[in-house]
Amino acid sequence: MAKNVTDVYEEFGGERLPPGQRETKRFPVLSKSGTPSWDRESWRFDAWGAVENELRFSWEEFRELPSETQIQDFHCVTGWSKFDCEFTGVPFPVLADRAGVDADAVHVMFHAMDDYTTNLPLDECMRDEVLFAYEYDGEPLPPEHGGPLRVVTPHKYAYKGAKWVNGVEFLAEPERGYWELRGYSNTANPWNEERYS
Ligand SMILES: Nc1nc2c(c(=O)[nH]1)N[C@H]1C(S)=C(S)[C@@H](COP(=O)(O)O)O[C@H]1N2
Ligand SMILES: [Mo]
């Protein structure tokens, strides 16, 4: 059964459609460079940094982690929102618990196969809606949308969700990712229109 989390906006006191957004039924693709290729045999996912257990998963091992299917909204900083996206994947807290996050960890950097990075405070990642997603609408996540694995962040603009994610780094100090170093908001709350900084 899919869990409907399209009510996250209530936490931010806004309308379901954030200010300055328009709804689209399409699912546009936004990538800083091309779609990287991957190989099921050699693919690895790592968790490292301020953790008790550094983790490494093969594709098969990652797929054995507990997963959920959720209905989420998706908000792109360029102005479109897509309602009711069905994603299946591993909630961030599941992974964090396996790694055993250190008491001094406060921040997270996501790393991706196209050398994209994006950052969030740890407490904004420790929510079940932050998914490492490998299915969209019950099918393998399309490569252009981040397959085999991407992060989705329905409480943030979508650049906080790394496509082609292959690592998560736990940090004792905040750092900035690819777009956060290039003028996008570090905080990215759609209901406050935190687009650029
Ligand atoms: N690895 C990686 N992740 C990424 C990007 C990227 O270029 N590389 N673009 C980001 C941006 S700016 C957006 S809006 C969303 C777009 O996701 P979509 O292409 O599935 O719509 O992915 C985000 N994640
Ligand atoms: Mo974006």
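The values are calculated or read from the model by the stated rules, or taken from the named source; none is laboratory data. Quantities reported herein were computed from a predicted structural model and do not represent experimental measurements. Cβ coordinates were reconstructed from backbone atoms using ideal geometry, including for glycine residues, and neighbour counts include every protein chain displayed. For accessibility, only protein heavy atoms count, side chains too; no ligands or nucleic acids. Shrake-Rupley method; radii C 1.70, N 1.55, O 1.52, S 1.80 Å.
Side notes on the structure shown:
- Counting only aspartates and glutamates at least 8 places from residue 82 when in the same chain, those with an alpha carbon closer than 15 Å to its own are 7, 15, 23, 73, 137.
- Toward the positive end of the charge dipole of the chain, with +1 on the Cβ of Lys and Arg and -1 on the Cβ of Asp and Glu, the farthest Cα among 186, 21, 92 is that of 21.
- Debye log10 I(q)/I(0) at q = 0.11, 0.19 Å⁻¹ for the chain, Cα point scatterers: -0.45, -1.50
- Accessible carbon and sulfur surface of the chain relative to its total accessible area, %, 1.4 Å: 45 percent
- The local environment of residue 31, defined by Cβ-Cβ distances under 10 Å, has a net charge of 0 under the rule Lys, Arg +1 and Asp, Glu -1.
- The chain - mean residue ellipticity at 222 nm from DSSP helices (-39,500 (n - 2.57) per run, n ≥ 4, rounded to 500): -2000 deg cm²/dmol
- Most mobile of 134, 178, 157 in a GNM of the chain (Cα contacts under 10 Å): 178
- Electrostatic dipole magnitude of the chain [Cβ: Lys, Arg +1; Asp, Glu -1; Cα centre; debye, to 20]: 760 debye
- P(r) tail fraction, the range 48-91 - alpha-carbon pairs more than 17 Å apart, %: 57 percent
- Taking all C-alpha pairs of the range 70-179, those more than 22 Å from each other amount to 25 percent.
- Convex hull (Cα only) mean projected area of the range 127-186, reported in nm² to one decimal: 4.8 nm²
- Once the 1.4 Å probe is applied to the protein heavy atoms, the chain comes out at 46 Å² accessible per residue.
- Other residues lying with their Cβ under 10 Å from the Cβ of residue 57 contribute a combined charge of 0, Lys and Arg counting +1, Asp and Glu -1.
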